[in-house]
1. Take the conditions in a loop (DSSP other than H, G, I, E, B) and either among the acidic types (Asp, Glu) or modelled with pLDDT under 90 (or both) and apply them to ALA148. Does it pass?
2. Read through the list (1) surrounded by 14 or more Cβ atoms within 10 Å (Cβ to Cβ); (2) within 49 Å of the chain's Cα centre (by Cα); (3) at pLDDT below 75, then give the number of the only condition that ALA196 fails.
3. Among LEU72, LEU60, LEU45, which is the only one that is of a type outside the set (Phe, Trp, Tyr) and touching a Ser or Thr at 6+ places or on another chain (Cβ under 6 Å)?
4. So which residues in segment 111-145 are hydrophobic (A, V, I, L, M, F, W, C) and under 30 Å from GLY70 (Cβ atoms)?
5. Would you say ALA57 is in the same structural domain as PHE112 (by TED's automatic domain parsing), under 25 Å from LEU356 (Cβ atoms) and touching a residue at least 12 places away in the same chain (Cβ under 8 Å)?
6. More than 23 Å from the chain's Cα centre (by Cα), crowded, with 19+ Cβ neighbours inside 10 Å and over 30 Å from LEU45 (Cβ atoms): is that true of ARG129 in this structure?
Amino acid sequence: MGLIKDFLKSKKLKAPRGNYSAAEVFTGYSPVFTSWGGQVFESELVREAIHAKARHAGKLKFTMQGSAHGALRRAMQYGPNELNTWPQFLERCMNIYDVQNNLIIIPILDDFDEIAGYWPVYPSACEVREADGVYYVVFQFASGKTMAMELTRCGIITKYQLKNDFFGENNAALTPTMELVNMVNQGIIEGVKNSASYRFMAQVDNFMFDEDLRKEGERFDRLNFINKSGGGVLLMNANWKNIKQLEPGKSVIDAKQQELIEKNVHNYFGVSEEIIQNTAGSEKMNAFYDGEIEPFALKLSEALTRMTFTQRERSQGNEILFTSNRLQYMSVSEKVNLSKELGDRGAILIDEIRELFNYPPLENGAGQHAPIRGEYYMADEGKGGGKNA
């Protein structure tokens with residue numbers, strides 16, 4: 001683990017003492033997941049779909065509400081840990097979430113056993129075990145290292161959860177499509193190889209015995225290939241007739257089949273070609289946000305809230321939220337019209353209008369008010385207008 005081991009202060013993350021056994025669950029299904037699907041990320045088609053989601057998830061804004069854990073709130077303004085910014089953290093979380101259908105976040109603990117940050121783990125296998133009435137999540141990594149953490153201190157979000165009480169299903173449903181993708185890629189490679197070679201077929205006459213035919217074949221090879229005396233031209237005698245070049249067949253699928261494969265991948269991960277190529281308009285971007293980014297943000301918010309605050313602290317309004325300014329997905333003309341309609345009526349602040357166009361807030365809080373145009377006025381203030389809301 002090296003640097004990460006020291007950074008996570010893993011002396012706090014140790015296996016439970018004594019004997020521990022598999023956790024008992026209602027379904028009787030083993031509370032274990034094994035990483036399946038790391039190889040899907042090696043596919044260009046899958047990676048571009050996942051990256052499109054991760055790119056937009058990285059825009060989510062972290063906010064911590066309430067009065068508890070003031071020191072943690074101040075530290076989280078600059079990133080979830082000392083090694084990652086929030087965009088880096090969120091992008092990796094989305095990558096793990098889509099590849100494994102499970103995302104497990106563990107706390108970084110300080111010397112007083114208090115949360116000082118967050119870290120997303122990528123185990124090769126994960127299991128829930130029980131010892132002395134306490135549930136633990138036991139991680140096994142590709143390096144062979146193992147680590148355990150109390151279940152209540154971990155943040156777990158899942159996708160396609162059915163049989164397992166703790167974890168989501170794997171990506172085996174994508175296997176047929178991935179096999180097609182692999183076959184297509186191999187077909188393209190073989191097609192390029194075949195196009196760079198020449199094949200001929202010829203008829204050989206005047207040979208009564210098989211031995212004579214075999215010797216003629218050996219002579220042909222020796223003359224043209226072994227001794228390389230052909231000089232790039234095949235040397236044949238009069239016995240060779242009806243010489244024809246064999247054209248290689250097509251090794252790639254047609255456009256409709258390729259489109260179907262791409263559509264299967266896009267449907268599985270919830271993205272469209274316009275989202276991947278950054279050409280989607282505000283309508284499609286809002287639909288993408290509603291279907292993919294917002295559900296992920298809600299799950300992540302709940303997971304970090306539960307692992308950070310006690311039930312009493314949560315009841316007092318302490319929570320962690322990941323939000324996104326959905327108005328950023330609008331076109332420039334739509335933003336201008338919205339600013340006119342809502343800004344003139346005092347519905348949004350000056351700084352909120354500036355945020356739409358990626359401008360910084362005005363200094364000294366000058367943008368924290370909403371001026372109303374003269375022809376508009378507050379109903380309880382009488383006529384006259386021009387007064388701030």
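1. no
2. Against the list (1) surrounded by 14 or more Cβ atoms within 10 Å (Cβ to Cβ); (2) within 49 Å of the chain's Cα centre (by Cα); (3) at pLDDT below 75, ALA196 comes up short only on (1).
3. Unique residue meeting the criteria: LEU60.
4. Result: PHE112, ILE115, ALA116, TRP119, VAL121, VAL134, VAL137.
5. So ALA57 passes the test.
6. Answer is yes for this residue.
The values are calculated or read from the model by the stated rules, or taken from the named source; none is laboratory data. Remember, predicted model here, so these are calculated numbers, not experimental data. All Cβ positions, glycine included, derive from the backbone under ideal geometry; neighbour counts span all protein chains shown.
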